[in-house]
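Read through the structure below, which is laid out as structure tokens, and then see the notes.
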Amino acid sequence: MHQRVPLALIAREWTRIGVVGFGGPPVHIALLRELCVERRGWIRAKDFEDGIAAANLAPGPASTQLAILTAWWLRGTWGAVVGGLCFILPGLVLILALAALFLAGDPPLWVGGAAAGAGAAVAAVAVQAGARMAPGSFRHAAGRGARARWACYLAAGAVAGVLLGPWLVVVLAAAGLVEVAVRRRAAGRRTAPAGRTPGAGAEPAPAAEPGGARARGARLRLWLLLAAVPLSAAAAGLSALTWVAYKVGALSYGGGFVIIPLMQADAVDGYGWMDDGEFLNAVALGQITPGPVVQTVAVVGWAAGGLAGGLLAAAVAFGPSFLLVVLGGGHLDRLRRSPVAQGFFDGAGPAVIGAICGSAIPLALALGHAWQFGVLALAGLLLALGRGLVATLLLSGALGVAAALAGWPVG
């Protein structure tokens, strides 16, 4: 049983994490564990680890869902709302302010240089993000043919990240469904050996879970509400931006960087809200500001519709995470134990990693000036040597400022 914590204390502590949470999900998870498990003792270590696993399996930004879930454990629905908002808002306010500056019609010279420099490093950051995820995912692939399938899913995701743009989601879903089908077929062979009637001599089927119908009804209501988010906005005439933001929020499992190939084709080619350089700036801003990387979508929203567009994009992207925890938090542990869910994410996960790495190619091709490729190479070297992500992006931005002041092209 978790402790009941005052809302004011949740607001204060989750705001602190939202302010100092530079560095993405690993930093957010470490800060939440230090607060809830080690320093305050509000949550048992095993429960916290289970929460991490469930948040990573559920669709949506994992560290945001973990922040909402831990607050929900401590104070129910209001805890989830207060904790989630306090975790998200500091970074959101900062990234919208920077979007106004970086996407201005005629920004100061140093701002353009900083954006061009930091944007040049983004392709290297994408490769590093995928490379850090790959070893753990590969080790998790166990069993006959599992690692060969893992490599196929990875390759399919990489090709899709380069070529398919918004259709990438089809490849991710297909990889997950293929893995589910393979595992079901293998399980069928194990449970029905030759010469034996399926089910003969087997253990009796477990009794239906108490409250199963009620649980299924709750899950149905949850998904209807999630579906209502984009449908309601479409009815209000906001369908394009809402659909892009909804995909970002619902499909960013496996790391926030998967939003890059999901967003780039829509924001740049599909709707023309921003050019390639501005999109690179948006990704860089998502990396150097605190809070979840998914907040990059707020910059796209700003480009599409100013402040209202930025706020709408953020609300739609993060809305599913709140609904998932508030309405389905009690089922997250069951999701973690579900063989179907495990199979789907074991298939989609490598495809996500491939898509993240593959996105580096269109990101690099979007660079418009020769000096930016030098910054990209330097950023790749620094990240390979283990230098910090934020420090590397800030240095790249500083080099861009120097290039602008030296009279080199930055626009």
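The values are calculated or read from the model by the stated rules, or taken from the named source; none is laboratory data. Here the structure is a predicted model, which means the values were calculated and not measured. All Cβ positions, glycine included, derive from the backbone under ideal geometry; neighbour counts span all protein chains shown. These accessible areas exclude ligands, DNA and RNA; they are computed on the full protein's heavy atoms, side chains included. Shrake-Rupley method; radii C 1.70, N 1.55, O 1.52, S 1.80 Å.
At-a-glance table
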read-out	value
Residue within the range 375-382 that is over 21 Å from the mean Cα position of the chain (by Cα), open to solvent by 30 Å² or more (accessible area, probe 1.4 Å), of a type outside the set (Asp, Glu) and within 23 Å of Val268 (Cα to Cα) present	yes
Count of the range 240-282 residues which are part of a helix (DSSP H, G or I), at pLDDT 75 or above and either buried (at least 23 other Cβ atoms within 10 Å of the Cβ) or of a type in the set (Ser, Thr, Tyr) (or both)	14
Qualifying positions in the range 160-182 - modelled with pLDDT of 85 or more and open to solvent by 70 Å² or more (accessible area, probe 1.4 Å)	Leu177, Val178
Contacts under 7 angstrom Cβ, first residue in the range 354-376 being at pLDDT below 85, partner open to solvent by 10 Å² or more (accessible area, probe 1.4 Å) and outside any helix (DSSP H, G or I), 6 or more apart	Ile356/Gly255
Checking Trp78 against (1) under 19 Å from the mean Cα position of the chain (by Cα); (2) surrounded by fewer than 18 Cβ atoms within 10 Å (Cβ to Cβ), the condition it does not meet	(1)
Residue check for Val294: β-branched (Val, Ile, Thr) and at pLDDT 85 or above	no
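Here is a yes/no grid of residues against (1) touching a Phe, Trp or Tyr at 6+ places or on another chain (Cβ under 7 Å); (2) without any contact (Cβ under 8 Å) to a residue 40 or more places away in the chain; (3) not in a helix (DSSP H, G or I):
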site	(1), (2), (3)
Ile29	no, yes, no
Glu38	no, yes, no
Lys46	no, yes, no
Asp50	no, no, no
Gln65	no, no, no
Gly84	yes, no, no
